[in-house]
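What follows draws every value from the coordinates through simple rules; no lab data is involved. As the structure is a computational prediction, the values presented were derived from the model and not from experiment. Neighbour counts are summed over all protein chains in view; Cβ atoms, including those assigned to glycine, are modelled from backbone coordinates with ideal geometry.
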Amino acid sequence: MTKPLRVLALTQSDRMPNWDLFYEELGNYVDLDFRKLNRSEQSNLKKYFRNIDLDNYDRIFLELRFKRQLKQRNFIATLPNLVEYESDANQNYKKGGKYQGKWSKYYSSMSSLRIICTGHIVTARLRDEGYDAVCVPKGFNETEISCLDQSRDIQLGFIGRVEKAAYNDRKKLLDLCVKRLGLQMLRTNPGAAYNQMLNRIRFFVSADIGLDEYMIKNFEAMAAGCVLCCYRQGRGEEDALGFIDMDNVVLYDDVDELEAKLDYLKGRASEVDLIAERGRALVESRYGLKSLARQTAEVLVAPVMFMKPMTMTQKLLARLGR
């Protein structure tokens, strides 16, 4: 009988949203040593690993704050059979962003590494740079988010923050939706209050502009029974996720298109219900934490690729998308 893969998984003690269910499920597929690191431990991984016998593990799985890892890349590069989960690698390609090019610089210093990204577009770009990248999309916590089958008194809503510089384009589009479509911008506490608010919204408007992937809120809104109206990423992202326009989501490129589709759906309650039901069925079957854990376990099993350094010209052309 084949022995299960031995995995040391390190995550953040203050991780939000809570992913304990993900790691519990992952432990059903691998021999998991799961540890939560505080900020001090994350900031000094060399010290933390002094008392760890790496020979006891087949894989080292890191899901930590990138800004702390970046400062320790020389040490992290010494870790064997390394797999990193990175949900923010899309910022590597955001022009003018604080972290533009930082992930490429970090990954280029690794000797052996598999990268788990949360967007298919970003994964493809990293592969073009020569990295061993695999996509496991974002998802939702099925113990916290669900459809409550209650009446929905908010026709058009968005829940979340727009203050960060990375969300400037999102804010502009949502502000336009407020003026033209009557969108309600909402805030809640996490947990039950957030789920309750999602269950009051009929159409959830998502505006992940310039991010090259869909954020967690898209999957949470669908799981809560909202009709998801999401900004089209293109380049195959929707096909890879199973998002089908006017079937399980409402896709749009601009406010004019969104307004036209919402006008079409007025008075078509049964069609709206079907879009919501199909969207919920999609995320429940593919994007709950238990499903993501199964996908991650499959990624962990495959041998980690040794990195073949690219020339400076190859790296430049890859980042330019050529």
One would report the Cα pair-distance distribution of the chain, bin width 10 Å, in %, as 5, 25, 32, 23, 11, 3, 0
Treating only Lys and Arg (+1) and Asp and Glu (-1) as charged, each at its beta carbon, one finds that the chain has a dipole about its Cα centre, in Debye to the nearest 20, of 1580 debye
Taking Cα atoms, the helix 168-181 axis meets the longest principal axis of the chain at an angle in degrees (rounded to 10) of 10 degrees
Quick shape check on the stretch 249-292: root eigenvalues a ≥ b ≥ c of the Cα gyration tensor, a/c under 1.5 is rounded, otherwise prolate if a/b tops b/c, else oblate, and it reads oblate
Applying the gyration tensor rule to the Cα atoms of the stretch 154-287 (axes a ≥ b ≥ c; rounded if a/c under 1.5, else prolate if a/b exceeds b/c, else oblate), the class is rounded
Most exposed first, judged by fewest Cβ atoms within 10 angstrom, K46, K290 run K46, K290
Rounded to the nearest 0.05, FRET efficiency between A302 and E142 (Cβ-Cβ, R0 22 Å) equals 0.25
Relative contact order as a percentage, the chain, C-alpha pairs under 8 Å and 6+ apart, gives 19 percent
The lysines whose Cα lies under 29 Å from the Cα of K179, excluding any fewer than 8 residues away in the same chain, are K94, K95, K164, K171, K217, K261, K266
For K47, the lysines lying under 16 Å Cα to Cα, once residues fewer than eight places off in the same chain are dropped, come out as K36, K71
Fewest to most Cβ atoms within 10 Å: L228, L79 sort as L79, L228
For K290, counting only lysines whose alpha-carbon sits under 16 Å away and dropping same-chain residues fewer than eight positions off, the answer is K138
Kirkwood Rh for the stretch 61-114 from C-alpha pairs, in Å, is 11.4 Å
Under the helix-only model (-39500 (n - 2.57) for each DSSP H run of 4 or more, divided by the residues of the chain), the mean residue ellipticity at 222 nm, to 500 deg cm²/dmol, is -10500 deg cm²/dmol
About its Cα centre, the stretch 114-218 carries a charge dipole, from +1 on Lys and Arg Cβ atoms and -1 on Asp and Glu Cβ atoms, whose size in debye to the nearest 20 is 420 debye
Which of A192, A269, A77 fluctuates most in a GNM of the chain (C-alpha springs under 10 Å)? That residue is A269
Listed residues F49, F243, F306; largest mean-square fluctuation, Gaussian network over the chain with Cα springs below 10 Å, found at F49
Taking r as the C-beta separation of D20 and Y48 and R0 as 25 Å, the FRET efficiency to the nearest 0.05 is 0.75
